[in-house]
1. Please identify every one of the GluC sites (Glu not before Pro) in the range 41-114 that sits in a loop by DSSP and has no more than 15 other beta carbons within 10 Å of its own beta carbon.
2. Give me Tyr129, Tyr32, Tyr87 sorted ascending by neighbouring Cβ count inside 10 Å, so fewest comes first.
3. Give me the distance between the Cα centres of the range 80-95 and the range 41-78, rounded to whole Å.
4. Assuming R0 = 25 Å, what is the FRET efficiency of Asp124 and Lys92, from their Cβ-Cβ distance, to the nearest 0.05?
5. Which ordering of Phe102, Phe118 is given by a fewest-first count of other beta-carbon atoms within 10 Å?
6. Could you work out the per residue convex hull volume over the alpha carbons of the range 17-109, in cubic angstrom?
Amino acid sequence: MIPPFFFQVKSFFVLKNYVRVINCMHTQQDLYVLLDELTEEATKEGFNLAVERTADDHLFVVANPRTHKCACVGLTELNGAEMIVAYSISIKKWGWYNEEGFDLDMVVETKNIRDDIFNWLPVDDIITYLS
């Protein structure tokens, strides 16, 4: 369900390029609280949320195994402030680029490919997106 590539992510590579400015500051603990809240909300919506840690302690992939949709959620730094941000992930498009020979570095460095795979997702809309 979740591509092996995501477990090797070592930084919030894409998110730093897309983050929308929000006046707030979050901690690692806030991220864990959010993941717990997402898990509870998913249960209320009738599905079990898969939560997978990546190589980066500040980045998680969350997924709905039933709909085969996933998103990444984590902390990124912007102007000295840590913020929680989320992005939907197009698994179909990621798979296509991967089959065509694009590796992680190429995806990250090529803006139009990044934009094709990752889309900014408001944190409050994660469960709605995954449903």
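1. Values: sites: Glu41, Glu45, Glu52, Glu77, Glu82, Glu99, Glu100, Glu109; in loops: Glu100.
Counting only loop positions with at most 15 other Cβ atoms within 10 Å, the GluC sites (Glu not before Pro) in the range 41-114 are Glu100.
2. Numbers: Tyr129 17, Tyr32 11, Tyr87 21.
So the ranking, lowest neighbour count to highest, is Tyr32, Tyr129, Tyr87.
3. Here the answer is 10 Å between Cα centres.
4. Numbers: r = 25 Å, r/R0 = 0.99.
Computed FRET efficiency for Asp124 and Lys92 comes out at 0.50.
5. On the way: Phe102 16, Phe118 23.
Starting with the residue having the fewest Cβ neighbours, the order is Phe102, Phe118.
6. Values: hull volume 10.7 nm³, N = 93.
Given the Cα convex hull of the range 17-109, per-residue volume reads 115 Å³.
Each reported figure results from applying straightforward, stated rules to the coordinates on display, with no laboratory input. Because the structure is a prediction, the values reported are computed rather than measured. Using ideal geometry, Cβ is built from the backbone for each residue, glycine included, and neighbour counts are taken over all protein chains shown.
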